[in-house]
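The values are calculated or read from the model by the stated rules, or taken from the named source; none is laboratory data. Keep in mind the model is a prediction, meaning the values are calculated, not measured. Quick reminder, even Gly has a Cβ in these numbers, built from the backbone with ideal geometry, and neighbours come from all protein chains shown.
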């Protein structure tokens, strides 16, 4: 699990641990959270270890996989680590865009390939998997967070491409959640309202997203597809990011006044 120390990554680590998997929780900046999460899971009888690694460079990714597979092959990688910086198509900074592409696209593609390059071992075809965490924005485009969106669009298309390229050794799937936590300049009040701006008018449970990842990892017949776990948020077209339009979106709809009845 990349970026496993907090927020959605922590929920996914917990779901895999409770499903009986040995979990490696990769972190870079969230050391305190990652260590506390794994200590809590071990106290409950599950297997979880926090591991620090810089996954922004290929050397770091290869070193991490070598460390984790020293005793046994890796059965699944969940690519959750993400860079999310505000910009637009008119003013994006090339270096910032490159950083987001590196973390959001190149690192997940690299990890899936490295899992596929492991020796076959005793596992049969379809036992190993790579799961890319996406965003409902890839199905509900708006121009905010331009570089981030471009990186996630490319990763969504890569789900099918990598499934074709890496099969039968590795299955590749995607999970596209909706809004789960406060992000960027969003206030708590804005988040509470935005979290209900979907077809089901209720917040998305991060545990549902986590369970979806476990389901994909354990279902050997699924590859090359993405699950939207977003309460139908991707089916609510928006001209801008949800945090900027939620007030308009949730305005009450007033019924049109009825016509006066005609006299007989």
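Miscellaneous remarks
- Residue match in region 230-237 (condition: over 20 Å from the mean Cα position of the chain (by Cα), surrounded by fewer than 11 Cβ atoms within 10 Å (Cβ to Cβ), modelled with pLDDT under 95 and more than 30 Å from residue 21 (Cα to Cα)): yes
- Residue in region 217-227 that is under 23 Å from residue 84 (Cβ atoms) and either at pLDDT 95 or above or in contact with a strand residue (DSSP E or B) (Cβ under 7 Å, 6 or more places away or on another chain) (or both) present: yes
- Selection over region 165-188 of residues that are part of a helix (DSSP H, G or I) and over 19 Å from residue 78 (Cα atoms) gives a count of 1.
- Qualifying residue in region 34-51 (condition: in contact with a strand residue (DSSP E or B) (Cβ under 8 Å, 6 or more places away or on another chain) and either closer than 20 Å to residue 181 by Cα or touching a residue at least 60 places away in the same chain (Cβ under 8 Å) (or both)): yes
- Per-region count, region 172-202, residues surrounded by fewer than 18 Cβ atoms within 10 Å (Cβ to Cβ), free of Cβ contacts under 8 Å to residues at least 24 places away in the same chain and within 18 Å of the chain's Cα centre (by Cα): 1
- Count of region 5-40 residues which are out of contact with any helix residue (DSSP H, G or I) (no Cβ under 8 Å at 6 or more places or on another chain), closer than 15 Å to residue 133 by Cβ and part of a loop (DSSP other than H, G, I, E, B): 0
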